[in-house]
Amino acid sequence: MYHLELTCIKLKGMILTELNEHPVEFANIKWVEDKVPYSSQFDDVYFNTNKGKNESVYTFIEGNNLYQRWHDHPTRIFSIAETGFGTGLNFLVTCDAFSQHLQQQNNPILEHLFFTSFEKYPLTKNDIILAINQWPSLLPFLKILIAQYPINLVGCHRIHFDAFNITLDLWFGDAYHSLQNLHVYKDGLFDAWYLDGFTPYKNPDMWQQPLFNLMGSCSKQGATIATFSVANMIKKGLQNAGITIKKRKGFGKKREMLTGIIAHKINSTPLKHNVRNSATYKSNEIAIIGGGISAACLTLALVKRGFCVNVYCKDEKIARGASGIKQATLYPLINNSHNSLSQFFANAFLYSHNLIDITNKTHPFDYDLSGLLQLYYDLASSKKLDKIHKSHFSKALVQKTSARKTNIIAGLDVDLEALFYPSSGWVNPIQMVNAIFDKAKEIGSVTIKLNTKIDNFKAIDDCWELHCENERYKSPIVILATAMETLTFKDCEAIPLSAARGQVTHIQSTPNSQLNQLKVPLCHEGYLTPQRHNIHCMGATFERHQLNSVFKITDQKLNKEKLNKCITNKRWAKAINCDHNFANIGIRCTTRDHFPYMGELADYQRTKIQYQHADKHFPQQDAPFHKNMFILTGLGSRGLCSAPLLAETLVSQILHEPLPLSSSILSSLQVNRQWINYLLKSKPLAY
């Protein structure tokens, strides 16, 4: 039985405030005494000698009474928040304790731990390894953390510890700002808090009243708080936030510490999200309509949480639509303003990269993420790419190369400056989709019905009835991952989606040709990939509002013309043979603002009525949605980058879990965003 709370977003005129934060700086660490990390920024140590682990257990696990609370917890997830991730010691100690709790099986209800931590100055991987290596019991968790540990990018980085039923949301950036942009459900989000910033007089920004107030409003009734400090400003701050505190004996020679409890749910300031009451389901079945990368990632995220998934795919095989090419480039869509769009795609890229590496270990498929070059091929592209270069992104994400270095990285003569993405590259989408589905089948119950085109759906009692030509299927929850097919459903016809036909040319590799020396994908107006199984991919055309999937010989020539226009006077480029019909045609599903659509399916007709006078009086009630009908579409040509994180976020939304995206990004993903903005400006809607 699942408890479901559905998120509805109320838009007031504009998209919510974007973060626009500067890139995160790594902590400046020195090492003192015996493996004790010392912060130069705050003139303080992260923990004291080799007793750091025992102090963490005493202060935070015992201070929050977690052993007993886990034993008695009434729901499937327990959620902890921490201010100051630091070396990760508190988190790793909690992993160890929760793992032991699950092994003892003393609470059949509690299944999963969510740990959310905020860090303004993250440590590097090497510093974390040096700090934690002294505790052997933590090394199994450390290994997983390091394998998925992010580069210094602002925002949330979700890291999975699947073998231990633990999820870490690591927010890089200012704690107060991150909490402001956190999605919070009506009954709160966190069950316990670890307050572990540096000493208040050395790090006063961490211990301000607005932060304490946010902590209170983000917490569930009965949530607890523990901190090593008993400073008056902390005691008063917690009390002013409505938190009942008491003193407890401190660890070792420390005289006292503080604990606290939120006895009554604290009313928060108006949130950016309006939330319905949770619903209860007698079944853990869920239906997904679609068969591409979105459907695969949704299926995997759902079965890991115990759902039985039924996938309805209209094609004779999965991954036959836009996911059906042999090689697709994978790199983030970033810009110089560090806005919500750039942050979303950068963080989604890191999440996708981790999923690819993890999936490949057990279900291998073709990919190479050892680099990608985005070329400076004309004045306009040079201005655009230079803005990105000057925006101080981490060099682990992107860096500029000279023409000479471009040639070395590419393996052949290109003679152009470029942006080099060291961890980007190419992936075989067909194999990746199949690998993810195969992994999901090994984990849980997955049924894939091929050649099953769902023509429409209808709400009947507490279920959705799905209609195809000769069958009727029922499901309490449905997710549409149907790309342009979404518009064939009556309740979806007003969603602002646009088709973009793309033809990718497959080039047969010839022995000893210079083209075979290409090591990484080249991106320009199109792209060109290194050979795999004697095939290069070159593309792609982009025809807006075209649904025609018939092969065009003219598009083969167009792909080559784009390459030769951007990379001029190169014998290897001119020698490419495109006079054949070896190609893939896909229909991309795009949106005007490049943000996909993710969330509950908005009710268009009721939205028109409810917001018809929004330009004068913005309605206070929740925006209207179709209950228990969700959507994930509009991924354009970057589905490999965005689908994994979007799928994970949507499943977390369905199950009332912490969400790994900021409120500003979540707002930008809502299906009703353009309808409401049009009505706010007194513009007519199309339908």
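The values are calculated or read from the model by the stated rules, or taken from the named source; none is laboratory data. Nothing here was measured: the structure is a model prediction, and the numbers come from that model. As a convention, Cβ positions derive from the backbone with ideal geometry for all residues, glycine included, and neighbour counts pool all protein chains shown.
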Quick one: is residue 475 within 30 Å of residue 631 (Cβ to Cβ) and among the polar types (S, T, N, Q)?
yes
Subset of the range 41-69 that is hydroxyl-bearing (Ser, Thr, Tyr) and either modelled with pLDDT of 70 or more or touching a Leu at 6+ places or on another chain (Cβ under 8 Å) (or both) - its residue that is farthest from residue 129 (Cα to Cα)
67
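This table checks each residue for (1) outside the structural domain of residue 309 (by TED's automatic domain parsing); (2) hydrophobic (A, V, I, L, M, F, W, C); (3) surrounded by fewer than 23 Cβ atoms within 10 Å (Cβ to Cβ); (4) within 12 Å of the chain's Cα centre (by Cα).
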| residue | (1), (2), (3), (4) |
| --- | --- |
| 641 | no, yes, no, yes |
| 644 | no, no, no, yes |
| 649 | no, no, no, yes |
| 657 | no, no, yes, no |
| 660 | no, no, no, yes |
| 666 | no, yes, no, yes |
| 672 | no, no, no, no |
| 675 | no, yes, no, no |
| 686 | yes, yes, yes, no |
Give the residues of the range 540-563 that are in contact with a His (Cβ under 9 Å, 6 or more places away or on another chain) and under 14 Å from residue 584 (Cβ atoms), sorted by residue number.
556
Would you say residue 35 is over 30 Å from the mean Cα position of the chain (by Cα), modelled with pLDDT of 75 or more and of a type in the set (Lys, Arg)?
no
Which one of these is under 28 Å from the mean Cα position of the chain (by Cα) and either over 29 Å from residue 592 (Cα atoms) or β-branched (Val, Ile, Thr) (or both): 553, 507, 535, 495?
495
Among 121, 185, 194, 176, which is modelled with pLDDT under 95, of a type outside the set (Val, Ile, Thr) and either in contact with a helix residue (DSSP H, G or I) (Cβ under 9 Å, 6 or more places away or on another chain) or part of a strand (DSSP E or B) (or both)?
176
Given the residues 386, 357, 413, which is the only one that is outside the structural domain of residue 154 (by TED's automatic domain parsing), part of a helix (DSSP H, G or I) and within 24 Å of residue 327 (Cβ to Cβ)?
357
Is one or more of the residues making up the range 83-94 surrounded by 15 or more Cβ atoms within 10 Å (Cβ to Cβ), under 28 Å from the mean Cα position of the chain (by Cα) and part of a strand (DSSP E or B)?
yes
Give the range 72-94 a look and list any residue that's farther than 17 Å from residue 190 by Cα and either of a type in the set (Gly, Ala, Ser) or modelled with pLDDT of 95 or more (or both), or say none.
86, 88, 89, 92, 93
Number of the exception - residue 319 against (1) at pLDDT 95 or above; (2) crowded, with 24+ Cβ neighbours inside 10 Å; (3) closer than 24 Å to residue 466 by Cα
(1)
Going residue by residue through the range 599-612, is there one that turns out to be of a type outside the set (S, T, N, Q), in contact with a helix residue (DSSP H, G or I) (Cβ under 9 Å, 6 or more places away or on another chain), more than 25 Å from residue 289 (Cβ to Cβ) and free of Cβ contacts under 8 Å to residues at least 12 places away in the same chain?
no
Return a yes/no flag: does the range 374-382 have any residue that is surrounded by fewer than 20 Cβ atoms within 10 Å (Cβ to Cβ), touching a Ser or Thr at 6+ places or on another chain (Cβ under 9 Å) and in a loop (DSSP other than H, G, I, E, B).
no
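Which helices (runs of 4 or more DSSP H) sit wholly inside the range 602-687 and have at least 3 residues that are touching a Leu at 6+ places or on another chain (Cβ under 7 Å)?
639-654, 663-668, 673-680
Applying the selection to the range 94-145, what residues are among the charged types (D, E, K, R) and either at positive phi or free of Cβ contacts under 8 Å to residues at least 24 places away in the same chain (or both)?
143
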